[in-house]
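In what follows, a single structure is set out as structure tokens and then discussed.
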């Protein structure tokens, strides 16, 4: 029996059907074009011009904005600060993994649910609220941390957790890890629970102990999860702004002593505080390329797109 050939619909009918389908995504396409791609093209154009006032006196500059940024000490310091703060924030991944392993060992019961919600609570609090709380915790005089140290040592410490440029980076990194620990734990826990239990049972029959199962089974199966967290943490670190801006007294200078000025804060400085839109646009493009390269390298090293 020969199967009947499908009847091809007329062109007008197919066109009408396709237009109906595309009409559902048309608003999203328009919004994406107007709110993302158009500003991106404008940013690329501004990066090649000297622009102090948008729409007035724009002068073609070529790559001079890029040269000025890459050869300037201010931007180099902002890049260095960004990499340092991003590096320290990555410690949230192993801490979140260890916490997820501990919670996973409790089983899928009420106790695990309680701790899972408890550790995720800091992510519910808004970023501004967290900064205001941490400002009080790390006050130099009368702060909770210094008060606790004084209680155990008997001598009132005068540690400027947020006012000493040599310590401030570690303090804000600790704040970042605390704020992101619940999210990292939840993602790691989801990755752990996706690993088939039969693998652990087979390893247990073969005599593998807890450490061996962790090293040779759990960690290799968590590579994709680690890759996702690494990408999101790096992008979040490169775009860090709100908490550091507030801690610096609502200034993009990165107080104390410029030790907390990130690339995004540097871009903000030349966008709103000392307008030079050509420099800020060039800085934005450099930041975009940095995030893109780091993401591509990470995906390549972790084999995220590898076809097994």
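The values are calculated or read from the model by the stated rules, or taken from the named source; none is laboratory data. Every value quoted in this text rests on a predicted model; they were computed, and no experiment measured them. All Cβ positions, glycine included, derive from the backbone under ideal geometry; neighbour counts span all protein chains shown.
Details
- Only one of 67, 54, 30, 41 that is over 29 Å from the mean Cα position of the chain (by Cα) and either surrounded by fewer than 13 Cβ atoms within 10 Å (Cβ to Cβ) or more than 26 Å from residue 265 (Cβ to Cβ) (or both): 54
- The combined condition, being at pLDDT below 80 and either farther than 30 Å from residue 255 by Cβ or surrounded by 10 or more Cβ atoms within 10 Å (Cβ to Cβ) (or both), is not fulfilled by residue 105.
- Qualifying residue in the range 93-115 (condition: closer than 30 Å to residue 285 by Cα, outside any helix (DSSP H, G or I), in contact with a helix residue (DSSP H, G or I) (Cβ under 8 Å, 6 or more places away or on another chain) and touching a residue at least 60 places away in the same chain (Cβ under 8 Å)): no
- Condition met for residue 68 (in contact (Cβ under 8 Å) with a residue 24 or more places away in the chain, in contact with a helix residue (DSSP H, G or I) (Cβ under 7 Å, 6 or more places away or on another chain) and either outside any helix (DSSP H, G or I) or over 28 Å from residue 194 (Cβ atoms) (or both)): yes
- Filter pass, residue 160 being touching a helix residue (DSSP H, G or I) at 6+ places or on another chain (Cβ under 9 Å) and either buried (at least 17 other Cβ atoms within 10 Å of the Cβ) or at pLDDT 85 or above (or both): yes
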